[in-house]
Amino acid sequence: MSVIINRQVLYNGKVMEYTIQMVAKLSGVGVHTIRAWEKRYKAIVPARDLAGHRIYSKTDLEKLILLNKASQLGFGISKIAGLKASELIKKLEEFGVESGTEVAEPLKNEKNQFVEVQQSVTIILMALKAYKLDIVSKELFKLKLFLNARDFAMSVVLPMMSELGKAVDKGEYNVSHEHALTAILKFHMGNYIYYSESKKMDNRQIDYLVAGIEGDYHEFGVMIATMLCRHYNKSAYYLGPNMPIDSMVDAAKALNVPRIIIGATSVDLNFGVKFTETYIEKLFKGLDETVEIYLGGNVQISAAKAYQKRFQYIKTIEDFEKIIQL
């Protein structure tokens, strides 16, 4: 018997995680073949949700992956369908084939609920390829209901954009797909930055001013930095990308911020490292001598000797997360 609890399906005490479309996509076994293997050979026995749709567990998916690899070696499905996963792995190893059944674990949120992030990411990318942007946005909205700012940024945005970038390089997606997803993600990330956490920041001293360096239009790094600030209960004021030096100084003075985070993802490619060095030096000269500056991105510089104690280069967003928790 299967029952639905908190958008998850429990079957004999196990969390069932995947639809038939998902296991077909992830295992490489077609939907019709999966149904045939189930009906004729009882290779797997999925649960069903209240609407009668098949729901598969991680164990089911792993076995489908193994069966697919074994059948490609020439094993007849009728001979291997009833084997356990461990037995299938042994057969594959005898032929020097790696089992390769690793599947991302579901993420547990702050309310101790399981959230199948990888499944949602797969759905989003499949919908994006067909330009079903309404489905993309709805799936992201569902994730927002379950994930905090940190988990949405680190477990959804970063890996999904990385996966899409690789797919674009391979020609599987194009730049229009990338731009469409970027636009939708900015909207949902903005919810965390400007709305979801806003009540926590009322009447508080601003801890961080966050912006992208002049000439750099990449937003994800600085937006994620702002989301991490909010998650760890640090007040942050996000100014956006491409911030001219005079405007940055003016905003920092007006807001009386003790720390500034500067994102510089690609400015070195456009203007060279010297441009970033000059920008940071002007920023220090225009601000109070206690203000600290963090520079993140692909361009690494050394601050002038007079400012070294107030400057820190951040190589990755994970490095910044460690700093923000101190």
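Rule-based calculations on the coordinates, nothing more; no lab input. Note that the structure is a prediction, hence the values are computed from the model and not measured. Ideal geometry is used to build each Cβ from the backbone, glycine not excepted, and the neighbour counts take in all protein chains shown.
Things worth noting here:
- Fully extending the segment from ASN191 to THR290, taken as 0.36 nm per residue of separation minus the present Cα-Cα distance, adds 32.5 nm.
- For ARG259, distant residues with modelled amide H under 5 Å away: LEU209, GLU292
- Loop-located trypsin sites (Lys or Arg not before Pro) in segment 154-249 (DSSP state other than H, G, I, E, B) with a sparse environment of at most 14 neighbouring Cβ atoms within 10 Å: LYS170, ARG204.
- Qualifying lysines (Cα of each under 17 Å from Cα of LYS39; at least 8 residues distant if same chain): LYS63, LYS79
- Close amide H pairs (under 5 Å, H built 1.01 Å from N) link MET243 with GLY212, ILE213, GLU214, GLY215, ASP216, residues at least 5 positions away or on another chain.
- Placing dummy labels 7 Å off each Cα toward the beta-carbon, the span from LYS309 to GLU163 is 4.7 nm.
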